[in-house]
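Trainee: Structure incoming, see below.
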Amino acid sequence: MSLLGALQVGKSSLAAQQAGIQVTGNNIANAGTAGYTRQIARLTPNNPIEIQPGSFVGTGVGLAAIERQVNAALDESFRDATSNQNAATILDNYLGRLETTFGALSENDLSTRVASFFNSFSTLANNPADAAQRSVVIQGGVSLASYLKDLRSKVFGIRQDIEAQIGAQATKADTLLKGIAQINQQISSAEAGGGQAGALRDQRDQLLNQLSELMDTRVIEQPNGVVNVLVGSVPVVQGDVARGITTKQSYDATGAMVTTELVFADNGDPVPASTGKIGALVNARVTYITPALETVDNYAAALIQTVNAIHTQGQGTKGFSTVTGSVQVLDATAALNNTTTNGLAFSPTNGTFNLYIKDNTTGLITTKQINVNLSGVGTQTTLNSLVASINTAGGGNVAASVDAAGRLAIVSNNSNVTFTFGEDTSGALASLGVNTFFTGKDALSIDVSSILKTNTDYLATARENIAGSNRNAQALALAGGVAVTDLGGKSLTDYYTNFIGGLAASARNAADDVTAQGVIRDTLFAQREAISGVSLDEEAINLTKYQRAFQGTARFLNVVDEMMQVVLGLVR
């Protein structure tokens, strides 16, 4: 090798060691930079030259590449773990809020209030004529109805919060996808001549990590350096094109409940996000929050139906001179059990009920049985035909009609005549809101009958028109343990207990899942940092290595220079 060749060796070494020092310095400078990936200078020996047959000598060192230290499989696992951890955290948060809302751990939850309400009937049964205790029962019902409304409102508020969060996270995801597509384009241009645009790739990785917090993703890198991003098996970013994500809202039949769905902006197809914050929000809504809302409504409906079904069997301390049902019938010509047409919330069945007509002058009580034919055979009972039956039974003293609002109205035409009801095996009175304790059909509309609020004498504590009877009050006291068909054969008490037990178990599992998913993510993060993170100790060693190599090269060049001076001196 010539002296000029030796100079070339030194030159390549100085350049290579200088590059190594610069890369190491950049690593040290970014040791605290979030999302920075450690780089290394990959040095390789230059091609040797043959100085004589069979003898080769090296020509120095070259900088092959500056490489980011990444493990694609580990990064993918880390993003998956990030999605799962964020999903677990969201679910734990909303289940915790739901559990707090129901007051499952308090001593003043729904079950306690319901028990207190039914116990008040038990106390009243000891002295059914006690006006003060009758007021306590009615006020207890008012309080219970108000609590159910408030409970439903709070659960509904949680659901509304989820809808808002889905919209907000969808906007964030759309921004991230557009950012990834834009950086893809920049990377493609920057790396067209070879090498890696480390800073751009770091920026893109940060966006991918942020996206994985929102939804489960799969990243596929292409030969030109760009990445395609998939959610499930559906592409959301292809090269420099992002499909775009938005939301679509739909409403239930009442128009009060909105459902927000994540869809692609280009064609409106649903985005199949199953984990991450968005996936967890949808899961929480579908699996827990909406069912909880339905549970409150179902419970209130069962409470209304159960209490009213018993209350209509009895009589208060005075009879009615006029009474109007609380339920509107949309079609007075439709069979009473055709709830689709007539709009009744609770369907009556085939049976009868008694209309008791009392002459207050003589004290004589006449019992008239009203047939409700809903057997499917013969002419079925409608509101109009029921009115006709009551008019026939009333004999001119008691008359029925359908008022302008479509409700059953019954009135005494004789100031000396009052009427009561009882022994209803059809459930027609409860369905039409006549002689009932509660009004409404769910937790949104439940209330105590305005008739009872106005006059406690109409609270039905007796049966069979026996003065001082407490049989109906006793039956009402036991209503909490009565099996309810619409609750799957469970009683009000058991239904709520099962729900709260299931909610508590789900909340406990969600909390455990947060811990487990956090451990997995932390473990993967540590493994990832071992490869991609900056270790100052390691960089200090590298810096010393490159520094010594640079110093050695400088001394080598000094020796070559001295040799060249000797050769030049010989020429002179």
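Trainee: Restricted to segment 431-443, and to residues that are among the polar types (S, T, N, Q) and either within 27 Å of K154 (Cβ to Cβ) or out of contact with any strand residue (DSSP E or B) (no Cβ under 8 Å at 6 or more places or on another chain) (or both), which residue is surrounded by the most Cβ atoms within 10 Å (Cβ to Cβ)?
Mentor: Looking at residues that are among the polar types (S, T, N, Q) and either within 27 Å of K154 (Cβ to Cβ) or out of contact with any strand residue (DSSP E or B) (no Cβ under 8 Å at 6 or more places or on another chain) (or both), I get S431.
Trainee: Could you tell me whether L492 is more than 26 Å from the chain's Cα centre (by Cα), more than 21 Å from D92 (Cα to Cα) and touching a residue at least 60 places away in the same chain (Cβ under 8 Å)?
Mentor: No: the conditions fail for L492.
Trainee: Any idea which residue in segment 294-331 is surrounded by the fewest Cβ atoms within 10 Å (Cβ to Cβ), counting only those that are out of contact with any Asp or Glu (no Cβ under 9 Å at 6 or more places or on another chain) and among the β-branched types (V, I, T)?
Mentor: Of everything passing the filter in segment 294-331, T322 is surrounded by the fewest Cβ atoms within 10 Å (Cβ to Cβ).
Trainee: Need the failing condition index for S274 against (1) in contact with a helix residue (DSSP H, G or I) (Cβ under 7 Å, 6 or more places away or on another chain); (2) surrounded by fewer than 20 Cβ atoms within 10 Å (Cβ to Cβ), just the number.
Mentor: S274 satisfies all of (1) in contact with a helix residue (DSSP H, G or I) (Cβ under 7 Å, 6 or more places away or on another chain); (2) surrounded by fewer than 20 Cβ atoms within 10 Å (Cβ to Cβ) except (1).
Trainee: How about segment 244-262: which of its residues are surrounded by 10 or more Cβ atoms within 10 Å (Cβ to Cβ) and more than 29 Å from V234 (Cα to Cα)?
Mentor: Within segment 244-262, just M257 meets the criteria.
Trainee: Sort out which residues of segment 109-123 are under 21 Å from T456 (Cα atoms), in contact (Cβ under 8 Å) with a residue 40 or more places away in the chain and not hydrophobic (A, V, I, L, M, F, W, C), and write them in order of number.
Mentor: N119, S122
Trainee: Sort through T306, T322 and tell me the only one that's more than 30 Å from I158 (Cα to Cα) and either among the basic types (K, R) or at pLDDT 95 or above (or both).
Mentor: The match here is T322.
Trainee: Looking at T101, is it over 30 Å from A16 (Cα atoms), modelled with pLDDT of 95 or more and either of a type in the set (V, I, T) or part of a loop (DSSP other than H, G, I, E, B) (or both)?
Mentor: Against the criterion (over 30 Å from A16 (Cα atoms), modelled with pLDDT of 95 or more and either of a type in the set (V, I, T) or part of a loop (DSSP other than H, G, I, E, B) (or both)), T101 does not qualify.
Trainee: Still on this structure, please answer the following. Restricting the search to segment 456-476, which residues are surrounded by fewer than 23 Cβ atoms within 10 Å (Cβ to Cβ), of a type in the set (A, V, I, L, M, F, W, C) and over 17 Å from F353 (Cβ atoms)?
Mentor: Once the filter is applied, which keeps residues that are surrounded by fewer than 23 Cβ atoms within 10 Å (Cβ to Cβ), of a type in the set (A, V, I, L, M, F, W, C) and over 17 Å from F353 (Cβ atoms), segment 456-476 yields I466, A467.
Residue-by-condition table, conditions (1) of a type in the set (K, R); (2) more than 30 Å from A516 (Cβ to Cβ); (3) touching a Cys at 6+ places or on another chain (Cβ under 6 Å):
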residue: L91; (1), (2), (3): no, no, no
residue: V114; (1), (2), (3): no, yes, no
residue: S122; (1), (2), (3): no, yes, no
residue: S143; (1), (2), (3): no, yes, no
residue: K154; (1), (2), (3): yes, no, no
residue: E163; (1), (2), (3): no, no, no
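Trainee: Could you say which residue among A81, A145 is touching a residue at least 40 places away in the same chain (Cβ under 8 Å), in a helix (DSSP H, G or I) and over 30 Å from T436 (Cβ atoms)?
Mentor: Just one listed residue meets the conditions, A81.
Trainee: What about L63, is it crowded, with 18+ Cβ neighbours inside 10 Å, touching a residue at least 12 places away in the same chain (Cβ under 8 Å) and of a type in the set (A, V, I, L, M, F, W, C)?
Mentor: No, not satisfied.
Trainee: Quick check on this structure: which one of I446, I370 is more than 24 Å from R463 (Cβ to Cβ), crowded, with 20+ Cβ neighbours inside 10 Å and either among the β-branched types (V, I, T) or without any contact (Cβ under 8 Å) to a residue 40 or more places away in the chain (or both)?
Mentor: None of the others qualify; the one that does is I446.
Trainee: Taking segment 539-562, which residues are under 22 Å from G198 (Cα atoms), surrounded by 14 or more Cβ atoms within 10 Å (Cβ to Cβ) and not hydroxyl-bearing (S, T, Y)?
Mentor: E539, N542, L543
Trainee: While we're here: For segment 306-348, which positions are over 30 Å from K490 (Cα atoms) and of a type in the set (V, I, T)?
Mentor: T317, T322, V323, T324, T333
Trainee: A further question on this structure: For segment 480-495: of the residues being of a type outside the set (D, E, K, R) and out of contact with any strand residue (DSSP E or B) (no Cβ under 9 Å at 6 or more places or on another chain), which is surrounded by the fewest Cβ atoms within 10 Å (Cβ to Cβ)?
Mentor: Looking at residues that are of a type outside the set (D, E, K, R) and out of contact with any strand residue (DSSP E or B) (no Cβ under 9 Å at 6 or more places or on another chain), I get T485.
Trainee: Being outside the structural domain of N308 (by TED's automatic domain parsing), surrounded by 17 or more Cβ atoms within 10 Å (Cβ to Cβ), of a type in the set (A, V, I, L, M) and out of contact with any Pro (no Cβ under 7 Å at 6 or more places or on another chain) is the requirement here; does A88 meet it?
Mentor: yes
Trainee: For the subset of segment 350-367 comprising residues that are in contact with a strand residue (DSSP E or B) (Cβ under 8 Å, 6 or more places away or on another chain) and in a loop (DSSP other than H, G, I, E, B), which member is farthest from R463 (Cα to Cα)?
Mentor: Per the criteria, the residue is N350.
The values are calculated or read from the model by the stated rules, or taken from the named source; none is laboratory data. Please read all numbers here as calculations on a predicted model, not as lab measurements. All Cβ positions, even for glycine, are placed from backbone atoms using ideal geometry, and neighbour counts span all protein chains on display.
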